[in-house]
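The values are calculated or read from the model by the stated rules, or taken from the named source; none is laboratory data. On a predicted model such as this, the values are computed, not experimentally measured, just so you know. Heads up, the Cβs are rebuilt from the backbone with ideal geometry, glycines too, and the neighbour counts pull from every protein chain shown.
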Amino acid sequence: MNYYFSVVASLCFLRILPYSADLRETLKRILERHRIQTFFTPIIKPSTILASGKDADPASKRRGVVYEIPCESCEHRYIGETKRSLSTRLKEHHRDALPRNVLKNPEKTALTKHPAQSGHAFNWDYAHVLHRVNNYHKRIFSESLYINLEINTVNDKSANFPAIYYNVLKHE
């Protein structure tokens, strides 16, 4: 019985409160009477005001992304994913989409099929990141989700997309 009371008596509750110069001492005194230990933190931390010192990566240098490239002549767009930087992948796409390469292999990717069939070109300057995710499986799923949500995509909608999710999207 005595052990139980000593454990209960030694229990102390802890509260972390925002710092207020006017109320700090009063609150601390009142709460300590009820065995509540208090700590005060600043409302605005210096780290939220000051810059981190690092420049943000430009979108073209980001790795592990799902991206979109719009067509210059119509509303269609290509959606892709890469673990490498977007600029590296866009250079490869740009090379594949050159007219001489499209003529050699028009069925290579959805990105080459559209120019081969329509005579259109993609607008490389407006390529942008839709989503950033480093995990391969999550990135593939994310790419498939964007492809299936987009009405005017040149991509194959059924590739890499689980049928159960496709049925859910059809009803939206």
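At pLDDT below 85, under 28 Å from Ile151 (Cβ atoms) and either of a type outside the set (Asp, Glu) or outside any helix (DSSP H, G or I) (or both): does that describe Leu111? Don't jump to the end; show me each part of the working.
Details: at pLDDT below 85: yes; under 28 Å from Ile151 (Cβ atoms): yes; either of a type outside the set (Asp, Glu) or outside any helix (DSSP H, G or I) (or both): yes.
So Leu111 fits the description; yes.
Can you pull out the residues in region 123-132 that are surrounded by fewer than 17 Cβ atoms within 10 Å (Cβ to Cβ) and assigned to a loop (DSSP other than H, G, I, E, B)?
Correct list: Asn123 only.
Only residues that are at pLDDT below 90 and either in a strand (DSSP E or B) or surrounded by fewer than 15 Cβ atoms within 10 Å (Cβ to Cβ) (or both): list them for region 136-152, please.
The answer is His137, Lys138, Leu149, Ile151, Asn152.
Out of the helices (runs of 4 or more DSSP H) lying entirely within region 1-101, which hold 2 or more residues that are modelled with pLDDT of 75 or more?
Fully inside region 1-101 and qualifying: 24-33, 86-96.
Considering only region 84-98, state which residues are surrounded by 18 or more Cβ atoms within 10 Å (Cβ to Cβ), touching a residue at least 24 places away in the same chain (Cβ under 8 Å) and not small (Gly, Ala, Ser).
First, pick out the residues of region 84-98 that are surrounded by 18 or more Cβ atoms within 10 Å (Cβ to Cβ): 85-86, 89-90, 93, 97.
Narrowing the set further to residues that are touching a residue at least 24 places away in the same chain (Cβ under 8 Å) leaves 85-86, 90, 93, 97.
Scanning region 84-98 gives Leu86, Leu90, His93.
What single numbered condition from (1) in a helix (DSSP H, G or I); (2) closer than 19 Å to Asp156 by Cα fails to hold for His120?
Tallying (1) in a helix (DSSP H, G or I); (2) closer than 19 Å to Asp156 by Cα, His120 fails exactly one: (1).
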